[in-house]
1. Please report the antiparallel percentage of DSSP beta bridges with both residues in the chain, rounded to the nearest 5.
2. Provide the per-residue ³J(HN,Hα) series for region 118-124, in order, calculated from phi with Karplus coefficients 6.51, -1.76, 1.60 and θ = phi - 60°, each as a whole number of Hz, with x at glycine and proline positions.
3. If packing is taken as the average number of other Cβ atoms within 10 Å across a peptide's residues, how do 10-21, 236-247 rank, most packed first?
4. Can you give me the distance in nm between label points at ASP134 and HIS59, each placed 7 Å from the Cα along the Cα-to-Cβ direction?
5. Out of the DSSP beta bridges found with both residues in region 170-310, what percent are antiparallel (nearest 5)?
6. Hey, can you grab everything whose amide H is under 5 Å from the amide H of PHE126? Only 5+ residues off in sequence or another chain; H modelled, so Pro and N-termini drop out.
7. Between TYR202 and PHE118, what FRET efficiency comes out of the Förster formula 1/(1 + (r/R0)^6) with R0 = 22 Å and r the beta carbon distance, rounded to 0.05?
8. For region 75-132, which trypsin sites (Lys or Arg not before Pro) pass both filters: DSSP loop (anything but H, G, I, E, B) and at most 10 other C-beta atoms within 10 Å?
Amino acid sequence: MKVSIIGAGGLTGRELIGLLANHSEIEIVHITSNKTAGKKISEVFPNLRFKKNLTFKTHEEEIPKDSLVVLAVPNEVSLSMTPKLLERGQKVIDLSGAYRLHDKAKFEKFYGLKHESFELMEKVVFGIPEMFRDKIKNSQFVSNPGCYATSGLVPLYMLGDLREKISGAIVIDSKSGVSGAGGRTEDIGFTFTNTYENFRAYKILSHQHTPEIEEYAGYAMKNKLAKIVFTPHLLPVYRGILSTFVIQFDNKVSEAEVSERFSRFAAEPFIRVYRKPEEIELKNIQNSNFLDISFRVEDNILVIVSALDN
């Protein structure tokens, strides 16, 4: 498969080049970055060993029509580029948050952007294979999930029908390395000097991944999922997210009931269920695709701990 990466000069683009460079069935044929246009991969990312030393193009240059296009660009850029790419028949994977939410009002509230191509939400598929594998295979347009959202919604989705017995709000306390919380140069709060030897919560009750968790963690439920109270925190480390869930049920829930639901995902190559929640650590998932999960139950209280690389 031929792949074009738009916005390949940023943090997400670098990670993607590193992942795909060694993939036996993928050939990266086109990379763009307006900031590094004209430079080769070896100049911009000297730590990456890449057999085909491509040169960065600008976003405006022609994209090979026979390639899958991956958008590693800001939300507003994706909103303008995606309709044109789909119209010309390209297959698209969008890494931004522009096409994740099916509620237009929530998108515009949490992202602060006007959505001018919301009709595309009828054809987009959410990029979590553990939930939507068959739909992804046949889709022209995939919107990848957020990192916080994945760490939150996948464990909840794995509870299956037990979600129907949850009472009260689901409390999710998430802690992220700087590259997940931002990796941005425009926000001084995410710079090294403001994170080193520091720890803080941010975007309390206003983070854009909250409605994403609510929408997809409630997928295939008879009733609406309980309210999500999601609080992100910024760790003074580079990469990784660790999330702790506190869930209360109407009645007592056994360890065997939770284990049985989680065991249904045993064949998933990137989900690892551990015996004890104390075993979930960032060092075990950094630089990997794994989502590590464990839990503990006491009476009607369930505590889940998950970790992934942001």
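1. About 45 percent, rounded to the nearest 5.
2. Once θ is set to phi - 60°, the couplings for region 118-124 become 5, 4, 5, 5, 6, 10, 6 Hz.
3. Result, highest mean first: 236-247, 10-21.
4. Result for the modelled spin labels: 3.7 nm.
5. 70
6. Excluding prolines and chain starts, which carry no amide H, the hits are SER143.
7. For R0 = 22 Å, the calculated efficiency reads 0.20.
8. Sites meeting the loop and neighbour criteria: ARG88.
No lab work stands behind these numbers, since they all come straight from the coordinates. Quick caveat: nothing in here was measured; it's all calculated off a predicted structure. Cβ atoms come from the backbone with ideal geometry, glycine included; neighbour counts cover every protein chain shown.
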